[in-house]
Amino acid sequence: MQPSADSLQIGNYIGALMQWRDLQDSYEAFFSVVDLHALTQPNNPSELREKTRRTAAQYIAAGIEPSRSTLYVQSHVRAHAELAWILSTITGFGEAGRMTQFKDKSQRYGADSASVGLFTYPVLMAADILLYQTDIVPVGDDQKQHVELTRDLAERFNSRYGETFQVPMPVIQKDTARIFDLQNPTAKMSKSAESDAGVLWLLDDPAVSAKKIMRAVTDSEGAVRYDRENKPGVSNLLVIYAALTGRQIPSIEDEYAGRGYGDFKKGLAEVVVNEFGPVRRRALELLDDPAELDRVLAANAARADETAERTLGDVYDKVGLLRRV
Ligand code: AMP
């Protein structure tokens, strides 16, 4: 994730972190806070540093274990930027221009403020993935095209220079895990939402989260029933409830049958506060001791370096760069 906000939102938690946490059981996992990618948007330097720490602290608080997985800051591992350069030399201009996220973002920023870095963003992402000889990449649907590009680049490099990269597979996160804005339940909940009222922040005070849930947009039917099309607000709350409790939606509908939205929202607020209370406390504890957090991140970056440098060295040899002796 990019360190683009002081706090992650509950969509990041349900749509990404919970699934990443589970992947640690069956894979050797690499997780990174992608600060180099964040530079493609305007940033205040000291805020970027702080957001990088905060994002890492929230990964750990949510259950990413830096002693078991490798959790590091992208810019700490120099090989990312270096491999991105090599990969950019085998990426077609037209190929990069077809990336829909670039087209969307550059339209939003205006042609003059979209940078070359934004254009080559997917190439840096390809480097992030290929450096670790990655088998699978868990991503949301919106990142599928970037992983396809990564696969194309890996295959192209391999056929031009000989077997070098593992060709990764995207694992698309379930759409049921998509969380929508509480005030505007047809729009994805996002760190960059215009209004704060519809976003549940991981680091929000529990009382604030509860209040936001009580004020979430619903409908006039009054029945707690999943119907994404006609009842997007209630359906979204049901998805959050189910994701955080591990329960099935019909069992939650049964529990609240014949009861109003007020009761349902109170129940959900309790679930959210119980889940995020400890995560928030742990994150704030970690942020209270930035020196220790930095030390953990440095040790993990050193571990990431070992794999990344091996891949990069191989790439440099294959393309014909003279080794420094
Ligand atoms: P972003 O903050 O958009 O860069 O997303 C970081 C990660 O969180 C990605 O894996 C997204 O797919 C996931 N994510 C972000 N927002 C949501 C959401 N509203 N619902 C589900 N997953 C989300």
- Item | Candidate lysines - alpha carbon under 19 Å from K105, same-chain residues fewer than 8 apart omitted | K144, K188, K191
- Note on the structure: Helix 45-61: inclination vs the chain longest Cα principal axis, degrees, rounded to 10, gives 70 degrees
- Note on the structure: Once the mean of 1/r over all distinct C-alpha pairs in region 1-160 is inverted, the Kirkwood radius in Å reads 16.5 Å
- Given the Cα-Cα distance of D25 and R98 and 0.36 nm per residue of separation, how much length would full extension add, in nm? 22.7 nm
- Task: Using a 1.4 Å probe over the heavy atoms of the protein chains, calculate the carbon and sulfur portion of the accessible area of region 8-150 as a whole percent.
- Result: 51 percent
- Item | Cut-off 12 Å (backbone N to label point 7 Å along Cα→Cβ of E50), residues of region 18-44 | 44
- Any chance you could run the full-extension gain for K105 through A291? It's 0.36 nm times the residue separation minus the Cα-Cα distance, nm to one decimal. 63.4 nm
- Message: Once ligands and nucleic acids are excluded and a 1.4 Å probe is used, how much of R281 is accessible, expressed in Å² to the nearest 10?
- Response: 150 Å²
- Return the whole-Å distance between the Cα centroid of region 251-267 and the Cα centroid of region 215-242. 11 Å
- Message: How large is the Rg to Rh ratio of the chain when both quantities use alpha carbon positions and Rh follows Kirkwood?
- Response: 1.00
- Tell me, what is the percent relative contact order of the chain, built from C-alpha pairs under 8 Å that lie six or more residues apart? 22 percent
- Task: Hey, can you grab everything whose amide H is under 5 Å from the amide H of V171? Only 5+ residues off in sequence or another chain; H modelled, so Pro and N-termini drop out.
- Result: V137, V139
- Rounded, prolate or oblate: which fits region 196-284, taking a ≥ b ≥ c as square roots of the Cα gyration tensor eigenvalues, rounded meaning a/c under 1.5, else prolate when a/b beats b/c? prolate
- Item | Over region 91-166: Kirkwood hydrodynamic radius from C-alpha pairwise inverse distances, Å | 13.2 Å
- Query: Could you sort M169, M1, M189 by accessible area so the largest value comes first, with the probe set to 1.4 Å?
  - Reply: M169, M1, M189
- Heavy-atom accessible area ranking, 1.4 Å probe, most first, across T100, T307: T100, T307
- Item | Computed FRET value (nearest 0.05) for E255 with A207, which takes r as the C-beta separation and R₀ as 25 Å | 0.55
- Heavy-atom surface of region 1-84, accessible at 1.4 Å and reported per residue (Å²): 39 Å²
- Leaving ligands, DNA and RNA out of it, work out the accessible area of T186 with a 1.4 Å probe and give it in Å² to the nearest 10. 110 Å²
- For I10, I172, what's the largest-to-smallest order of accessible area, 1.4 Å probe? I172, I10
- Task: Heads up, I need the accessible area for H76: 1.4 angstrom probe, whole protein in place, Å², nearest 10.
- Result: 90 Å²
- Task: In nm, give the distance between the simple-model label positions of V167 and I90, each being 7 Å from the Cα along the Cα-to-Cβ direction.
- Result: 1.2 nm
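The values are calculated or read from the model by the stated rules, or taken from the named source; none is laboratory data. On a predicted model such as this, the values are computed, not experimentally measured, just so you know. A quick note on method: Cβ atoms are made from the backbone with ideal geometry, for glycine too, and the neighbour counts reach across all protein chains shown. In case anyone asks, the SASA skips ligands and DNA or RNA and just uses the protein heavy atoms, side chains included. Shrake-Rupley method; radii C 1.70, N 1.55, O 1.52, S 1.80 Å.
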